[in-house]
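Engineer: Below is the structure I would like to discuss, written out as structure tokens.
Only the coordinates and a few stated rules stand behind these numbers; no lab work does. The model shown is predicted, which means the values in this text are computed figures rather than measured ones. Quick reminder, even Gly has a Cβ in these numbers, built from the backbone with ideal geometry, and neighbours come from all protein chains shown.
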Amino acid sequence: MNLRDYVLVTIAYWGFTITDGALRMLVLLHFHELGYSPVQIAFLFLLYEFCGILTNLLGGWIGSRVGLKATLFAGLAVQIGALTMLSFLDPTWAIVLSVGYVMASQALSGVAKDLTKMSSKSAIKLLVPSKEESSQSERLLFRFVAILTGSKNALKGVGFFLGALLLTLLGFSVSLWAMAGALLVILLVSIIMLKGDMGRSKEKVKFAHLFAKSREINLLSAARFFLFGSRDVWFVVGLPIFLHEVLGWTFWEVGAFMALWVIGYGAVQASAPAFIRRRIGAEIESGAKAALGWGIALAVVAACLAAAVEFDFYPTLSILAGLAVFGIVFAVNSSVHSYLILAYTDSDKVALNVGFYYMANACGRLAGTLLSGLMYLFAGLAGCLWTSAGMVLAAVLITLALPRKPRTLGVEAAA
């Protein structure tokens, strides 16, 4: 495989991910400290998620026309602009003006995140060798997707911890300037060292192709919507505020716990290929079967966790242990889904299909973010977790309709 470009793309993605996680924690803790309500905090992130929807949809189309390298660089540059813009926020402004300003900067950050993610994950399909035996190539594809995705999530956890640390040591504005400077270095190195072109379609891609997807791509995207909504419905607003307000944790402790959760989640995700083979004993080609089995397991875990919080059953222990198990099972689900989207598509359409798939991912995050604030306001953390269990069940029902074996069209077309 093209190891050099894989390493460069991965490093760029890592750098972005750390700043993205740190920014999320900075905004969450800073505005909670200023007295913003859970719903107001949720609204701060709504444009972030909404712009991710549009970016994934249009970004895949743009990437197929101009190449993935251009969209990767654009994502890094826009994030630098978003960080710089947010650093000029004045705490003396009226709440309406402050919320609007933060939402605008978060909108830019949402565009940046999904341009970078779509570019990086699509590039893996092109950088993994495709002239080997089909089954071996698919194993390599699953392995490298899992490594990129798992490491990204682990580093996002590092970003959560870094955000809490920077807020404590440097304050809000200086932390943002420091992150923008670090990201600028990564962008310049990427521009200088990343050569060639990636992902440009051989044929002119029409705008109508954005929605002309195969049945399996549509089904997998719908399942992804509910899967990621089920996580963000408790993760974005409900959990950190519950830990701080109900359990009395400090900001430092909240940031550290969420960082450790995401790091552990990423570690499991990176090891998912070997984990699935050992536990299920099936070939990687049976990814749809694995998605169904692990989806059912996740629904059970979410329901048990919701019941424990609802009936106040050792709440601290239940939350810590339950979320650890939820993270493990969710990580395997996510890794299998990330593999399947690449296995179901051919190389010439990878940017379009991955963009559409992550558009559904962003829609789920948007729904989960809004529901996180609303459900916590009206039903507490238990309401967030019951909603999570329902969304996982919806993902499972959709997964039932997936083909039991992913097509190898992508591997064959690239050979």
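Engineer: For the range 151-197, go through all pairs of different Cα atoms, get the mean of 1/r, take its inverse, and jot down that Kirkwood value in Å.
Structural biologist: 12.2 Å
Engineer: Listed here are the pairs LYS117/LYS156; LYS152/LYS289; LYS121/LYS156; LYS121/LYS289; LYS69/LYS156; LYS113/LYS195; which of them are more than 18 Å apart at the Cα?
Structural biologist: Correct reply: LYS152/LYS289; LYS121/LYS289; LYS69/LYS156; LYS113/LYS195.
Engineer: Along each principal axis of its Cα atoms, how long is the range 301-347 end to end? Whole angstroms, biggest number first, please.
Structural biologist: The Cα atoms of the range 301-347 stretch 50, 14, 9 Å along their principal axes.
Engineer: Would you please state which residues of the range 71-87 a label at LEU184 would reach in this model, taking the label point 7 Å out along Cα→Cβ and a backbone N cut-off of under 19 Å?
Structural biologist: Within reach of a label on LEU184: 73-87.
Engineer: Another question about this same structure. Working out 0.36 nm times the residue gap between ARG4 and VAL174, then minus their Cα-Cα distance, what length gain in nm do you get to one decimal?
Structural biologist: Gain on extension, ARG4 to VAL174, equals 57.8 nm.
Engineer: Assuming a ≥ b ≥ c are the square roots of the Cα gyration tensor eigenvalues, decide whether the range 40-121 counts as rounded (a/c under 1.5), prolate (otherwise, with a/b larger than b/c) or oblate.
Structural biologist: prolate
Engineer: What order do you get for VAL7, VAL329 when you list them from fewest to most C-beta neighbours inside 10 Å?
Structural biologist: Fewest to most other Cβ atoms nearby, the residues stand as VAL7, VAL329.
Engineer: Now for a different question. Once fully extended, how much extra length lies between TYR314 and LEU247, figured as 0.36 nm per residue of separation less the alpha-carbon to alpha-carbon distance?
Structural biologist: 22.9 nm
Engineer: How much length is gained on full extension from TYR101 to ARG215, taking 0.36 nm per residue of separation minus their Cα-Cα distance?
Structural biologist: Working it through step by step, the gained length comes to 37.0 nm.
Engineer: When a footprinting reagent is the concern and you count Cβ atoms within 10 Å, what order do VAL237, VAL9, VAL174 take, fewest first?
Structural biologist: VAL174, VAL9, VAL237
Engineer: So for THR168, THR316, fewest C-beta neighbours within 10 Å to most, what's the order?
Structural biologist: THR316, THR168
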